[in-house]
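Beneath this line is the structure, given in C-alpha cells, with notes to follow.
Derivation of every value follows stated rules applied to the coordinates shown; laboratory data play no part. As the structure is a computational prediction, the values presented were derived from the model and not from experiment. Virtual Cβ from ideal backbone geometry, glycine too; neighbours counted across all protein chains shown.
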Amino acid sequence: MRKIILSIIVFSALGLLWWYLDSTREPVERTKNAEEAKPQAELEQKVMSFTIDGRSAKGMKQWKLEGVSADIIGEDIHLNDLKAVAFGDDVEINLTSDRGIYRKKKGEVELIGNVKVVSSDGSTLETETAVWSQTTKNITSQDMVKVSGNGMVAIGLGATANSDDKVASLLKDVKVAIEPNTKVRCDGSLTVSYDDATAIFLDNVVVKDKDGNLFADKLTVYFDKEKQQLAKVVAEGNVKVKKGNSYSVSEKAVYTETTKTAQLLGRPRIIIAPEEITELQDLEQWNGE
C-alpha cells in the first residue's frame, strides 16, 4: 500500500521542471525541421534531452527526471517521452508517459498516454492520463486505473491521491482480485489510507471467495503495519453472508484475524435452506450410527 502511494512523489519532480528551463540562459539547441518555421510566440524554445536531479537538504538524491525533448510554448512546457524516478528508504519508483504538459499558471503537470508507475517490488499503476497539482499535492485521473502487484489486481474508473495525506482512492466501479481466489467489487469508491492503515469499499460491496459471498453497504479492511498483514474486516449496512443456499443477515459483521472468528451484530438472523436442513439431518443420523 505505501509503495503505491509513494509513487505520487515522482510527480513533485515535474513541478520543478519549469524553474530549470526558465532559469537557463545559455543558448539551446534548435531542431532543423518544421519546428523552426513556427512563430516565436508559439514555439519559444526546444530543449533536446534533459535530466534533472532532486536532492534533500543533506544532499541525498530523492528523484530524477529525464526526457527526450521539451518544447517551451508560451508559459507551457510540452515534454516528450517522459521518465522519472523517486527514491525511498526501501523502494524505488519509476514513472513513464508518452507526453507531459507543465502548465505554469495553473501549477499543474498533465501526463498523457501510457502513464505507468512501477515500484522496485513489482507493484504497478497504469492509466491513460493523469494531472498533478503543485498547490494541492493531488494527482487525479478520469480514466480507468489499474493497480497490480503482490498477488492483487485492482481496477476502477477515476482515481485521486494526495502525497501529503498519504491517501489514494479509486473512485467508482471498483474491482479487486486477490490471490488465490478472492474477489471484491463495489459501485462506489475504494479509499486507501497509509497512516490509518485502512482500505474502505463503499456502495453495494460484494466479496466472493471459497467460503461464500458477503454483501454490504460498506466494507473496512484494517491492516497491521508492523506485521504487514490483515488485522480485521468490518462489514456494515445490510450485511448478508451467503454460503450455499443458506445465509445470515445483520447490520454489522466483524472478522478478526487473530481469532479467525466472525461476529454478527445488530439483530442477526440465520436462514437455512430446506435442502441444507435435510443434509444436516442426514449427517447427524449418519454420525449417530
Looking only at lysines whose Cα falls under 23 Å of Lys232's and that sit 8 or more positions away or on another chain, we get Lys3, Lys166, Lys175, Lys183, Lys208, Lys210, Lys218, Lys240, Lys242, Lys243, Lys252, Lys260
So, over other residues within a Cβ distance under 14 Å of Tyr222, counting Lys, Arg +1 and Asp, Glu -1, the net charge is -2
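Compute the Cα gyration tensor for segment 131-289, then decide on rounded, prolate or oblate, letting a ≥ b ≥ c be the square roots of its eigenvalues: rounded whenever a/c is under 1.5, prolate when a/b is larger than b/c in the other cases, and oblate in all that remain.
prolate
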Taking every other residue with Cβ under 13 Å from the Cβ of Ala130 and scoring Lys and Arg +1, Asp and Glu -1, one gets -3
Mean separation of Cα contacts under 8 Å (at least 6 apart) over the residue count of segment 86-230, i.e. the relative contact order in percent, is 11 percent
Applied in sequence order to segment 75-85, the curve 6.51 cos²θ - 1.76 cosθ + 1.60 (Karplus, θ = phi - 60°) yields integer Hz couplings, x standing for Gly and Pro, of 9, 9, 10, 9, 9, 10, 6, 7, 9, 9, 9
Quick calc: nm separation of the 7 Å Cα→Cβ label points for Asp187 and Ser133 -> 2.8 nm
Other residues with Cβ under 13 Å from the Cβ of Ala159 give, with Lys and Arg +1 and Asp and Glu -1, a net charge of -2
Restricting to Cα pairs under 8 Å and 6 or more apart, the percent relative contact order of segment 57-149 works out to 18 percent
Taking R0 as 41 Å and r as the Cβ-Cβ distance between Asp224 and Asn80, the FRET efficiency 1/(1 + (r/R0)^6), rounded to the nearest 0.05, comes to 0.40
